[in-house]
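To keep things clear, I will list the structure first and then write my remarks on it.
The values are calculated or read from the model by the stated rules, or taken from the named source; none is laboratory data. What you are looking at is a predicted structure, and each value in this text was computed from that prediction instead of being measured. Note that each Cβ is placed from the backbone with ideal geometry, even for glycine, and that neighbours are counted across all protein chains shown.
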Amino acid sequence: MATSRGNTKVIVVGGGGTIGSSTALHLLRSGYTPSNITVLDIYPIPSAQSAGNDLNKIMGIRLRNKVDLQLSLGARDMWKHDPLFKNFFHNTGRLDCESTDDGIKSLRKQYQALLDAGAGLEKTNEWLETEEQILAKMPLLKRENIQGWKAIFSQDGGWLAAAKAINSIGIELKKKGVNFGFGDAGSFKRPLFASDGTTCIGVETVNGVRYHADKVVLAAGAWSPALVDLEEQCCSKAWVYAHMRLTPEEVAEYKKSPVVYNGDVGFFFEPDEYGVIKVCDEFPGFTRFKRHQPYGADAPKRVSVPRSHSKHPTDTYPDASEKSIRRAIEIYLPRFKNKELFNRALCWCADTADAALLVCEHPMWKNFIVASGDSGHTFKLLPNIGKHVVELIEGTLADDLAHAWRWRPGIGDPVKSRRAARAKDLADMPGWKHDSDEAKL
């Protein structure tokens, strides 16, 4: 082991979100002294600015790159069996559907990859060729709305009670005596360096508080590219969702429904204990480019800077998103097409060009670790992603993970990433912003 766990001090910036909270948890579980762990965030856990502070997220095993399999299987086992997480996994199944020629072709490749993985996934994943087979898994869909659809049904999929899961980590961290800084005392301003100018020895927050440590982990999610210059490796993007509330009778009908996803439509979840269904459309995301100078940049540059819904609570989403959300409801849940929608909002994530994480030591700053680039797919790894960040801290991260998550500027376009098209900018999308305060992020 390259570090002494009992004596090493670690600061986790963005510790109220997915990767940050998981990292703090695994520092504890690895034997680091609680009083030597400091979690910084603008908001308490679960941070109001975190994409993970959400009603629910999809759980499923999809193999986008070579390291996905081991990570997904590890996460699945912890969601099922770890006492801290198992109550937040709703194993309702996952129904991935496609209706276009290109979509069906891609879906067949996904299914073949699951069969070829050699991990027993052929036992839990089923190809559905006909509308009858799809309706057998989700009989509340309308046959006339799924003409020509094909699907994969995953028995080991479902949804995760996202905010509740992160909150459970926060409770554990507090119980064990981890240090916290919130508000201005938890808002990152810059790294602190030793006399050599390159060895990171802590961070300074916006109110001037200085925290010293042996290792600093920047895990600020979509805010990471605005805080530190990541050389255009990550692009912060927003996706949208809305909620609707069902009556108790309607809840009874839709309870235990699988998560239904179609790449041309969007997705929805079964109702939660309060009868709330979350509906999302599917699209390449929205950017918000500004002239901004993150720490480490020589001058201001174009950076997609998230706009915090917690600081701008009247924000909703663009007018175009209302149409696409309503379209998803008409296809999936036509009986509810006149239901009132609420909690219309933007959810911010950070895409990389290849949709793999960016988890590595900064090449110019020793002991400063970047842990970002979730590309909209990392919440399912909440139970175990922090374990691998700790391995990086200790110099024991597996070679395949280190290679996949390396510092890699210039490998592609994160504004498009592996999505169907480049993201549109919110400046061109009317209807979402309902105040004029541009001073805040």
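Looking at region 94-119, which of its residues are out of contact with any Pro (no Cβ under 8 Å at 6 or more places or on another chain) and either more than 27 Å from GLU270 (Cα to Cα) or basic (Lys, Arg) (or both)? Give the derivation first.
Within region 94-119, the first condition is being out of contact with any Pro (no Cβ under 8 Å at 6 or more places or on another chain), and the residues that meet it are 96-119.
Passing the criteria: ASP101, ASP102, LYS105, ARG108, LYS109, GLN112, ALA113, LEU115, ASP116, ALA117, GLY118, ALA119.
Only one of (1) more than 27 Å from the chain's Cα centre (by Cα); (2) part of a helix (DSSP H, G or I) is not met by ILE201, so which one is it? With respect to (1) more than 27 Å from the chain's Cα centre (by Cα); (2) part of a helix (DSSP H, G or I), ILE201 is out only on (2). Only one of the numbered conditions (1) closer than 28 Å to SER308 by Cα; (2) free of Cβ contacts under 8 Å to residues at least 24 places away in the same chain; (3) not in a loop (DSSP other than H, G, I, E, B) is violated by GLY208, and that is (3).
Could you tell me whether LYS380 is within 20 Å of LEU55 (Cβ to Cβ) and not in a loop (DSSP other than H, G, I, E, B)? Spelling it out, LYS380 is indeed within 20 Å of LEU55 (Cβ to Cβ) and not in a loop (DSSP other than H, G, I, E, B). The listed residues are LYS215, LYS176, and the only one of them that is basic (Lys, Arg), surrounded by fewer than 23 Cβ atoms within 10 Å (Cβ to Cβ) and either at pLDDT below 95 or at negative phi (or both) turns out to be LYS176.
Would you be able to say whether some residue in region 367-385 is at pLDDT 95 or above, over 20 Å from LEU63 (Cα atoms) and surrounded by fewer than 20 Cβ atoms within 10 Å (Cβ to Cβ)? No, the conditions are met nowhere in region 367-385.
Residues that are assigned to a helix (DSSP H, G or I) and charged (D, E, K, R) were ranked within region 106-128; the one that is surrounded by the fewest Cβ atoms within 10 Å (Cβ to Cβ) is LYS123.
Counting only residues that are of a type in the set (Gly, Ala, Ser), in a strand (DSSP E or B) and closer than 30 Å to VAL370 by Cα, region 237-296 holds 1 of them.
Could you go through region 12-32 and let me know if any residue there is in contact with a strand residue (DSSP E or B) (Cβ under 8 Å, 6 or more places away or on another chain) and of a type in the set (D, E, K, R).
no
Quick one: in region 412-441, which of the residues that are among the aliphatic types (A, V, I, L, M) and modelled with pLDDT of 95 or more is surrounded by the most Cβ atoms within 10 Å (Cβ to Cβ)? Working first, answer last.
Narrowing region 412-441 to residues among the aliphatic types (A, V, I, L, M): 415, 420-421, 423, 426-427, 429, 439, 441.
So of that shortlist, the ones also modelled with pLDDT of 95 or more come out as 415, 423, 426-427, 429.
Numbers: VAL415: 21, ALA423: 24, LEU426: 21, ALA427: 12, MET429: 17.
The qualifying residue surrounded by the most Cβ atoms within 10 Å (Cβ to Cβ) is ALA423.
Within the option set ARG245, ARG210, being over 20 Å from the mean Cα position of the chain (by Cα) and closer than 21 Å to ASN367 by Cα holds for one residue only, ARG210.
Determine if region 337-353 includes at least one residue that is at pLDDT below 95 and either crowded, with 24+ Cβ neighbours inside 10 Å or part of a helix (DSSP H, G or I) (or both). The answer is no, given that none of the residues of region 337-353 is at pLDDT below 95 and either crowded, with 24+ Cβ neighbours inside 10 Å or part of a helix (DSSP H, G or I) (or both). State yes or no: is GLY103 over 20 Å from the mean Cα position of the chain (by Cα) and surrounded by fewer than 16 Cβ atoms within 10 Å (Cβ to Cβ)? Against the criterion (over 20 Å from the mean Cα position of the chain (by Cα) and surrounded by fewer than 16 Cβ atoms within 10 Å (Cβ to Cβ)), GLY103 does not qualify. The set of residues in region 145-155 that are under 23 Å from the mean Cα position of the chain (by Cα) and either surrounded by 21 or more Cβ atoms within 10 Å (Cβ to Cβ) or of a type in the set (A, V, I, L, M) (or both) comprises ILE152, PHE153, SER154.
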